[in-house]
Amino acid sequence: MIRGLLLISLISVSMSVNAGPTDDNHVHVEQVGSGDDLELNIDQMGYGNTIEFSFDHSGNIFNLSQSGNDNYIGWVSYWGSGKSWGGDVDGVNNNEAVQQLNGATYGRHIWGNNNDVDIYQNGTHTHNLDIHVSNVDHDVWQDGQGSHYNQTYFYGSTHGSDTNVSQTGDANHNSQIRIYGNQPVTLNLTQQGSTNQSYNLNQSCYTTGGCSITVTQGN
């Protein structure tokens, strides 16, 4: 088994991990001390493929790629707040780009303003994101064959965020979305494919500016 344990401060890190049929690729990232302006690049190819991830501070860039077999980014089997619940990105002006191929699970909490989160998943996949702050630019693309599940929640007084969710391909498409706050939030949801398409929107947007919601469904 390949198992990496990383404690990262003010450095730029790039790694590529490969494993055989009986191996797992595990990378653990826990940064809670001082450490701004870090660039972290992780590529995992084949089998286990787990990135347990919780990061603090600002101006960081995360590029995470997983392909083949089981792909998971978070901290525990189900996402939540903090390391013990599922992994956070704290701090402002962070940029996270994730690519997961051939089935995937992603879970994250965003605690700092002005973060950018881009997620691409291909195959059967689950996406869980909680946004507790403002001005977050969030895009998730799910395509390919299999089950596509998205859960995106905006909490508290979050505002000024843009979320674009695209679920396509011959698959079951399901999105669960909650929007709260007293300032505008923009949501664009697209579900297209030859099988089931469903979503549930729970909205408590009390503001004169309103919340912009666009939903497109079809085959």
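The values are calculated or read from the model by the stated rules, or taken from the named source; none is laboratory data. Please read all numbers here as calculations on a predicted model, not as lab measurements. Every residue, glycine as well, gets a Cβ built from its backbone with ideal geometry; the counts of neighbours run over all protein chains shown.
Quick look at the numbers
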| read-out | value |
| --- | --- |
| Residue pairs meeting the criteria (Cβ under 6 Å; at least 6 apart or on separate chains; first over 17 Å from residue 119 (Cα atoms), in region 37-61; second in a strand (DSSP E or B) and among the hydroxyl-bearing types (Ser, Thr, Tyr)) | 45/67 |
| Counted residues, region 89-109 - those being surrounded by 24 or more Cβ atoms within 10 Å (Cβ to Cβ) and within 20 Å of residue 176 (Cα to Cα) | 4 |
| Strands (runs of 3 or more DSSP E) contained in region 106-145 and holding at least 3 residues under 19 Å from residue 52 (Cβ atoms) | 116-122, 125-131 |
| Among (1) within 25 Å of residue 131 (Cα to Cα); (2) modelled with pLDDT of 80 or more; (3) over 14 Å from the mean Cα position of the chain (by Cα) - the single one residue 70 does not satisfy | (1) |
